[in-house]
Amino acid sequence: MFIIVSRYLIPKGYQGITFFPFIIVADHYWKQNLVMVNHEKIHIRQQLEMLILPFFIWYGMEFLIRWIIYQDKNIAYQNISFEREAYANEKDLNYLKQRSFWKFLDYLFLK
């Protein structure tokens, strides 16, 4: 895993993005933010267990489906199963040590 600082590679409105094996953050503050880095590490694990390319296909399809359902891009993004898992566990810095395989599936359907 490599952390790159570049505000030009981050979509507007976001502080970080992950493309295995890179975590790209908007500035040095986010590189030092343990919660942010943990959130992105959760995405690294998700990408690895889905063999990278299928992760991005699933992510894109789920986003489109949720965008149709919610009619709002931000709500759609927040409800992607990968994001729900990452946000729910980003503050637990030990989460990845005990996380089970394909745990994001627990977040696929809203409860």
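Laboratory data are not the source of any read-out in this text; all were calculated from the coordinates shown. Just so we're clear, the structure is a prediction, and the values are computed from it rather than from any experiment. Please note: Cβ atoms are built from the backbone with ideal geometry, for glycine as well, and neighbour counts cover all protein chains shown.
Brief remarks follow.
- For 84, 7, 66, the sequence from fewest to most other C-beta atoms within 10 Å is 7, 84, 66.
- Placing a pseudo-label 7 Å from each Cα along the Cα-to-Cβ vector at residue 1 and residue 58 gives an inter-label distance of 1.8 nm.
- Take every pair of alpha-carbon atoms less than 8 Å apart whose residues are at least six positions apart; their mean separation over the length of the chain yields a relative contact order of 20 percent.
- Rounded to the nearest whole Hz, the Karplus-based 3J(HN,Hα) values (6.51 cos²θ - 1.76 cosθ + 1.60, θ = phi - 60°) of region 59-67 follow the sequence 4, x, 5, 5, 4, 4, 4, 5, 5, with x at glycine and proline.
- Modelled spin-label separation between residue 72 and residue 91, with each label point placed 7 Å from Cα along the Cα-to-Cβ direction: 2.2 nm.
- Whichever lysines have a C-alpha closer than 26 Å to that of residue 103, once near sequence neighbours (fewer than 8 apart) are set aside: 31, 41, 73, 91, 111
- For region 2-107, the antiparallel share of DSSP beta bridges with both residues in that region comes to about 50%.
- Taken about its Cα centre, the chain carries a charge dipole of roughly 100 debye when the Cβ of each Lys and Arg holds +1 and the Cβ of each Asp and Glu holds -1.
- Ranking of 81, 100, 6 by count of other Cβ atoms within 10 Å, fewest first: 100, 6, 81
- Packing-based ranking of 88-97, 35-44 yields 35-44, 88-97, ordered from highest to lowest mean Cβ neighbour count within 10 Å.
- Per-residue ³J(HN,Hα) for region 9-14, Karplus 6.51 cos²θ - 1.76 cosθ + 1.60, θ = phi - 60°, Hz, x for Gly and Pro: 9, 9, x, 4, x, 10
- Distance between the pseudo-spin-label points of residue 100 and residue 35 (7 Å out from Cα toward the beta carbon): 2.7 nm.
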